[in-house]
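A single structure is presented below for examination.
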Amino acid sequence: EAAVTQSPRSKVAVTGGKVTLSCHQTNNHDYMYWYRQDTGHGLRLIHYSYVADSTEKGDIPDGYKASRPSQENFSLILELASLSQTAVYFCASSDWGQDTQYFGPGTRLLVL
Amino acid sequence: GQQVQQSPASLVLQEGENAELQCNFSSTATQLQWFYQSPGGSLVSLLSNPSGTKHTGRLTSTTVTKERRSSLHISSSQTTDSGTYLCAMGYKLTFGTGTSLLVDP
């Protein structure tokens, strides 16, 4: 089974600060994704990538940047964190676009 | 954009009862996954079923693509089945808001 890890598992950030969330997968998957989940809502796609050094915008990319320096690593960057970005962030990976996605444990981000 | 509707929003069962969860989506699904989210928040893929019927353990998913609907049947529910069940469609996964299941002993 795919192994996807995320760091940190939780973080408190200040408004206007920079936040970097990291994701690492060990199963040689090409596709990686970042989602956010807000209380009472389903997950929404922020950014995704299907190859190293390239990222694509998802459904809600505003306020977020992504970086895929290698096949195994995918980061989500909040350059200027805002209160509205308080959420749980999930990273996922899949072997190819139509395949089953495997999720990391999530990162709880609180922006004060 | 794509939309996914799940019903019921919540469900309470006695242990041993069966559950039927529904998922309706706005466009033809080339990918359809059911996930379980534990009370602690972790997400686990249960089934990938873009069409037809699939079984795994006590779970059966039936997806009728042309009618844009999928169901998840849980047989002989257990207290450990409590949590939220999410349906998601498309290769970039558009999620529904889930069905919260509580199984009482």
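Can you tell me what the convex hull of the Cα atoms of chain B projects to on average, as an area in nm²?
With every direction weighted equally, the projected area is 6.0 nm².
Projected onto the charge dipole of chain A (+1 at Lys/Arg Cβ, -1 at Asp/Glu Cβ, origin at the Cα centre), which of A:4, A:40, A:82 gives the Cα projection farthest towards the positive end?
Farthest towards the positive end: A:82.
Given an 8 Å cut-off on Cα distances and at least 6 residues of separation, report the relative contact order of chain B as a percent.
With pairs under 8 Å counted, the relative contact order is 38 percent.
Computed on alpha carbon atoms, what radius of gyration and Dmax characterise segment A:66-112, expressed in Å?
Gyration radius and largest Cα-Cα distance of segment A:66-112: 12.8, 38 Å.
Going by Cα centres, segment A:1-66 and segment B:68-91 are how many Å apart?
A separation of 24 Å, based on Cα centres.
Next up: How much net charge surrounds residue A:55 when only the other residues with a Cβ under 9 Å from the Cβ of residue A:55 are counted, with Lys and Arg +1 and Asp and Glu -1?
+1
Taking Cα pairs under 8 Å and at least six residues apart, what relative contact order does chain A come out at, in percent?
The normalised contact order for chain A reaches 36 percent.
Assign unit charges at the C-beta atoms only (+1 for Lys and Arg, -1 for Asp and Glu), then state the dipole size of segment A:12-69 relative to its Cα centre in Debye, rounded to the nearest 20.
My answer is approximately 160 debye.
GNM on chain B, C-alpha springs below 10 Å: top fluctuator among B:13, B:21, B:72?
Answer for the Gaussian network model of chain B: B:13.
State the dimensionless ratio Rg/Rh of segment A:1-78 (Rg: radius of gyration of Cα atoms; Rh: Kirkwood radius).
Ratio of gyration radius to Kirkwood radius: 0.96.
Based on a Kirkwood Rh over C-alpha pairs, give the Stokes-Einstein translational diffusion coefficient of segment B:37-82 at 10 °C and viscosity 1.306 mPa s in µm²/s.
Once the numbers are plugged in, D ends up at 134 µm²/s.
Using only the Cα atoms of the protein assembly as shown, what semi-axes does the equivalent ellipsoid have when each is the square root of 5 times a gyration tensor eigenvalue? Give whole Å, largest first.
30, 20, 15
Under the definition of partner shielding as Cβ atoms of other protein chains within 10 Å of a residue Cβ, what is the mean value for peptide B:32-40?
Partner-chain Cβ atoms within 10 Å, mean over residues of B:32-40: 2.
What's the FRET efficiency of residue A:82 with residue A:30 using the Cβ-Cβ distance as r and R₀ = 35 Å, to the nearest 0.05?
FRET efficiency, residue A:82 to residue A:30: 0.65.
Values quoted throughout were computed directly from the atomic coordinates according to the rules given, and no laboratory measurement underlies them. No experiment lies behind these values; they were computed from the predicted model shown. We place every Cβ from the backbone using ideal geometry, glycine too, and count neighbours over all the protein chains shown.
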